[in-house]
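The values are calculated or read from the model by the stated rules, or taken from the named source; none is laboratory data. Please read these numbers as outputs of a predicted model, since none were measured by experiment. Here the Cβ positions follow ideal geometry from the backbone for every residue, glycine too, while neighbour counts run over all protein chains shown.
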């Protein structure tokens, strides 16, 4: 930086103008004296005194256009400025310091020098403001900070983008090319655009050195809106909800700001939590192109056939997924996905539907394949499996709303009567590979060979046989093997 010193080439011109003024004043005083005197002092003597007059030079000091005072030795001013620059240079290493800025030194020829150097230098030192060359950082027309130079400003913009892409990706994107880009392979991604949400520029200026940010500080400011994170220290009684509310956050936002913290975390007194709400000046927008080979789901079609028995089904046509190539454009801002759009889509193969034919014909002697609950409500008092050292072959249902027992599905009664530990028992063959067993009845209301419909009454619940209370023991057999009724009851 350069000071606003008046150069030596101006001194002669200034001297002529300054000398004439006091000369004129002397003449006026001499004329007045002549008129008032009795010619004791000859006029020629006055002329001679003026011609023999000697002049001194003083230097008027201005700082930021404010008058500071006068000195007789401008070198003392220069030494003071140099001292200030040296002190600031030691404090702000690497920054070009200038204490001369806005300092003006104007010489003047006078008859009598009355400058007070000590007082003027003291006032100057108090008024001095050390400045440095800088470059403003302007976002959308608003100056938000200062960096060292135009090169530093460019580096800030580059480092801001490098928070989200690699150096190689950024260089590749900045390389102008007219060549055809290679086709993307399945699940491969390529960056096609990177931009900033706001225009960043600036201009040369001068500021105090402590206003200048380094590149990392400027990047953080642009990303978060502040240079330092706000921390909260946990106190007794604090919970995530109260901390979040106090800082105008949701609990989800607070947990996002503090990875590793969740609703089950036990907060410790003295523990620090980040409560910084980022308000970035600029976001980095990245658009990526992604290529995917995707399946096209096949449709599942069910056709009914009234000539087939209910519960029967035949696969008429096996289904197959199709295939398509899709190119997506995925947009993120500061690492968060904001948009996903289809750029291009190409169907390679169409899907074929799976067609299943199901029967709808129902005959009373043949089961539907779906088993209804055999009582009017109730609950399972004992499940199938190991019990009391033996294997319990079915489920026990107790405490229904009434004791009526119902056929679980259409079928033909193949057994009624007493069967040892089962007590009074009914067996129904559903003619589709399934049988159901109903035991411990107090009353049997059907006979062997009788065709029963699903839900029709077949007897009354009781506690006959090996039973500890009124309930229904219910079994399901498939092709002669006991199966768990709970896998079949609707």
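Structural remarks
- Checked against the criterion of being under 30 Å from residue 316 (Cβ atoms) and not assigned by TED's automatic domain parsing to the domain that holds residue 318, segment 372-391 has at least one qualifying residue.
- Among the residues of segment 317-326, just one is in a strand (DSSP E or B) and exposed (fewer than 15 other Cβ atoms within 10 Å of the Cβ), namely 317.
- Taken over segment 458-473, the criterion of being surrounded by 14 or more Cβ atoms within 10 Å (Cβ to Cβ) and in contact with a helix residue (DSSP H, G or I) (Cβ under 6 Å, 6 or more places away or on another chain) is satisfied by 465 alone.
- Leading residue by the ranking (nearest to the chain's Cα centre (by Cα)) among those in segment 221-257 that are surrounded by fewer than 17 Cβ atoms within 10 Å (Cβ to Cβ) and under 20 Å from residue 148 (Cα atoms): 225
- Flag for residue 417 being out of contact with any helix residue (DSSP H, G or I) (no Cβ under 9 Å at 6 or more places or on another chain) and modelled with pLDDT under 95: no
- Flag for residue 404 being surrounded by fewer than 23 Cβ atoms within 10 Å (Cβ to Cβ) and within 19 Å of residue 465 (Cα to Cα): yes
Yes/no per residue for (1) in the same structural domain as residue 415 (by TED's automatic domain parsing); (2) at pLDDT below 95; (3) more than 21 Å from residue 379 (Cα to Cα):
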{"residue": "447", "(1), (2), (3)": "yes, no, yes"}
{"residue": "450", "(1), (2), (3)": "yes, yes, yes"}
{"residue": "453", "(1), (2), (3)": "yes, yes, yes"}
{"residue": "456", "(1), (2), (3)": "yes, yes, no"}
{"residue": "459", "(1), (2), (3)": "yes, no, no"}
{"residue": "472", "(1), (2), (3)": "yes, no, no"}
{"residue": "475", "(1), (2), (3)": "yes, no, no"}
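- For segment 258-271, the criterion of being under 30 Å from residue 143 (Cα atoms), surrounded by 11 or more Cβ atoms within 10 Å (Cβ to Cβ) and within 14 Å of the chain's Cα centre (by Cα) is met by no residue.
- Which numbered condition residue 298 fails, given (1) without any contact (Cβ under 8 Å) to a residue 60 or more places away in the chain; (2) more than 30 Å from residue 428 (Cα to Cα); (3) in a strand (DSSP E or B): (3)
- Screening residue 220 with (1) under 30 Å from residue 86 (Cβ atoms); (2) out of contact with any helix residue (DSSP H, G or I) (no Cβ under 8 Å at 6 or more places or on another chain) gives one miss only, at (1).
- Of all the criteria given as (1) surrounded by fewer than 13 Cβ atoms within 10 Å (Cβ to Cβ); (2) more than 60 Å from the chain's Cα centre (by Cα), the one not satisfied by residue 427 is (1).
- Single unsatisfied condition, residue 458 versus (1) in a strand (DSSP E or B); (2) on the phi > 0 side of the Ramachandran plot: (2)
- If you go through segment 277-286 and keep only what is crowded, with 16+ Cβ neighbours inside 10 Å and either in a loop (DSSP other than H, G, I, E, B) or out of contact with any helix residue (DSSP H, G or I) (no Cβ under 8 Å at 6 or more places or on another chain) (or both), you end up with 280, 281, 282, 283, 285, 286.
- Inside segment 163-195, residues that are surrounded by 14 or more Cβ atoms within 10 Å (Cβ to Cβ) and either over 27 Å from residue 140 (Cβ atoms) or touching a helix residue (DSSP H, G or I) at 6+ places or on another chain (Cβ under 7 Å) (or both) make up a count of 5.
- For segment 123-137, the set of residues classified as over 18 Å from residue 88 (Cβ atoms) and in contact with a helix residue (DSSP H, G or I) (Cβ under 9 Å, 6 or more places away or on another chain) consists of 135, 136, 137, listed by residue number.
- Residue ID - nearest to the chain's Cα centre (by Cα), chosen from residues in segment 90-118 that are at pLDDT 75 or above and assigned to a loop (DSSP other than H, G, I, E, B): 92
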